[in-house]
Amino acid sequence: MWGDESVTYQLAHRDLSQIWLTAQQIDLVHALYYAVMHEIFRLFGGGLLTLRLPSVLAMSVAASGVGLLGLRLAGPRAGLLAGLVFPLLPQVQKYAQEGRSYAMVCALVTWATYALVVSVPHRARWRWAVYGSTMLLACLLHEFAVLALVAHGVTLVVSRVPRPVLRAWSVTAAGVVAGLLPLAIRSAGQSGQVSWIGGPVRLRYFLVVAVMGVACARAPLGVRGPVRLSALAVPILALPGLLLLIVSLVKPLFVDRYVLYSNIGIALLLGAWMDYFHRRQRSSRTAWIAAVAVLAALVPPSLSLRTPQSRSNDVTAVGAAVRKEGRPGDGLLYLSGRYRAFTAASPEDTRFLTDLALAQDAVSSNTLAGVELPAQDIAARMLAFDRIVAVRGPAGAQSPTTPQEEAKTSTLRRYFREYGTTHVNGARVTVYVRGHDPSPKAGAGSDGPGARGGVVVSRGRLSMSARAGRAGGVPAVTSSSPRWVPPAEAVSA
C-alpha cells in the first residue's frame, strides 16, 4: 500500500459526516470517491482486497466499453483486439491495482464516449441525458475528467456532424460544466494540496503513446460508425494531456494518472491498426510473430508494476520499520507531520510508542495527519525521552519551515544523536538517542531523565507526567514549565 491508497483506506473507514468535514479542509476533489468506498467497505469489509477490487472491476468495465467502441467504429475484430490491448497497457495495469478513483473515472469516460457515439445518429434526448449524467459523475469523481468533454467536442467538429447534434452536445456539455462548477470553485481553495507537483514533467509514456497513436491513425483503418475511429481516438488520446501541459505552464498540474482515460484512444487505434495489419497479411504467421513480440515486450514493465518499487512510497514498509525499530515507551516523531498519514492505516505499528507532537488525532480533527502541538510543547516533550523513533522523508526531501518542524530538528540536533536509520521506499526511519547516554535501550520508562520526568532547560525545571500516553497521549506540562528556547540560547540538560 502506498501513500494515496493509505489516505483512501483511512477516510473510507470514517463516517460520511467525518468524510464531509474532512473534505472541507482537504481532498474535496476526492470526497465522492471516499463516500463510495465507505459504502463498499460497509458492505464487504474494509480489507486490502476490498480497497483494490473496485478498481480492478472498473478497468474490466472500461475494457468492455473500449471493445464495444472498436466494434461499432471499426468492426468485430478491431473491437476485440482493442478490448484485449487496453488492459495490457502499462498505465492501465498500474492503476487497475490501486485503491484510488482513476480506474472508476476511466470506466465512466469510456462509457460516456460510447453513449456519445450512439447518440450521434439517433439524437434521442434520453441518450444525451445518459451521456451527460455519465460525464458529470466522472467529473465529480475527478475534476480533470472534464478535459474528455473537450476531446468529444473536437471529435464532433472534425466529423462534421449535423448542427442539431452539435447543438445537443453543446447543451449537454454546458450542463456537465454547470454541475461541476460548485465543486471546482470550492476545491480551488485547496489548490495547495497539489503543491507537490513540480520539477521535471514525466512525459515519456504520454509522448510514446501519442506518437504511436498518430502513426496508427495514418493507416486506412476503415469507417463503420457515425464518426471515424481516428477522429474519436486521437483527440481523447492527445488533447487532455496537451491541455493539462498548457495549464502547467502557469501552475504545475500535469500528472499522467489525471488523464488515465486517454489510454482509451491508444487502445482503439492499436486494435484497429492490428485489424488492418491482419487484413493486409496473406500469411497469419507474421501477425502471430508480431503479437508474440509485443506481448514479450510488455512482460518486464508488467512485472515491475507489481512491485512496491513501482510506487513513490510504501507505507506498509514504513510501518514495519517503525514496529521493528521502536520499543515500548519510545517517543515517535514525524518530520514533517504529514508523514503521520504513512502509519495511520496500521495503528498497531505505533501502538506502544508516544507521538510526541500530536495534539489532536486525524479523525477527531477531521484532517489527514492530525493537529500538532505548539513548537515549545513539542520540544519539551522530546526532552522527556531518551529514545525517539523518527519517520522522515527520503534523502533530499524538503520539509516545511514551520515553527513545529524547526523545533523538532533543532532539538534533535542539540540534544540527540542518530543511532541508526532504516531506508524504505519513499521514507527513512531513524532512531535517535540522547547524546549524554550512549545506551540505545533507554526509553521513557528507563532510569534516564525521561523516566524521572525532569530535565533542566535554561534555568528552569520541566515537570512532566511520567505516564506518557501511548500512541499520541499528551503528558501534562505544569504551569511552571519554562518556554522552549532555540538551541543557540539553550543550556544542555
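How charged is the neighbourhood of G426? Take every other residue with its Cβ under 13 Å from the Cβ of G426, and add Lys/Arg as +1 and Asp/Glu as -1.
Local net charge: +1.
Obtain the nm distance between the two label points defined at A188 and W20 by a simple spin-label model: each point lies 7 Å from its Cα along the Cα-to-C-beta direction.
2.4 nm
By a straight-distance test (C-alpha under 12 Å), which aspartates and glutamates pair with K408 as possible cross-link partners, with residues fewer than eight away in the same chain excluded?
E372, D377
Taking R0 as 51 Å, what's the FRET efficiency between A359 and A290 from their Cβ-Cβ distance, rounded to 0.05?
On the way: r = 62 Å, r/R0 = 1.21.
Result of the calculation: an efficiency of 0.25.
Specify the inter-centroid distance of the range 384-430 and the range 214-244, based on alpha-carbon positions, in whole Å.
Distance between centres, Cα-based: 51 Å.
Wrap a convex hull around the Cα atoms of the range 372-422, take a quarter of its surface area, and give that in square nanometres. Can you show the working numbers first?
Values: hull surface 15.3 nm².
Computing the convex hull of the Cα atoms and averaging its projections yields 3.8 nm².
Give me E143, E418 sorted ascending by neighbouring Cβ count inside 10 Å, so fewest comes first.
Details: E143 19, E418 12.
If I rank by nearby Cβ atoms, fewest first, I get E418, E143.
Counting every Cα pair in the range 3-306, what percent are over 34 Å apart?
More than 34 Å apart: 22 percent of the Cα pairs in the range 3-306.
Note down, for the range 90-192, the three equivalent ellipsoid semi-axes (square root of 5 times each alpha carbon gyration tensor eigenvalue), biggest first, whole angstrom. Write out the running numbers ahead of the final one.
On the way: eigenvalues 126, 60, 26 Å².
Working through the eigenvalues yields semi-axes of 25, 17, 11 Å.
Nearest 5 is fine: what % of DSSP beta bridges in the chain come out antiparallel, could you say? Please report the intermediate quantities before stating the final value.
Details: 21 of 28 bridges.
Expressed as a percentage, antiparallel bridges in the chain total about 75.
Take every Cα-Cα distance within the range 224-266, group them into 5 Å bins from 0 onward, and report for each bin the whole-number percent of pairs it holds.
Pairs per bin, as whole percents: 6, 24, 25, 18, 13, 9, 4, 2, 0.
Okay, helix-only estimate at 222 nm for the chain: each DSSP H run of n ≥ 4 adds -39500 (n - 2.57), divide by all residues, round to 500 deg cm²/dmol; what do you get?
Working: 20 runs with 270 residues, N = 493.
Mean residue ellipticity at 222 nm (helix-derived): -17500 deg cm²/dmol.
All of the numbers you see were taken from the coordinates with simple rules; none came from a lab. Since we're looking at a predicted model, the values are computed, not measured. Note: ideal-geometry Cβ built from the backbone for every residue, glycine included; neighbour counts use all protein chains shown.
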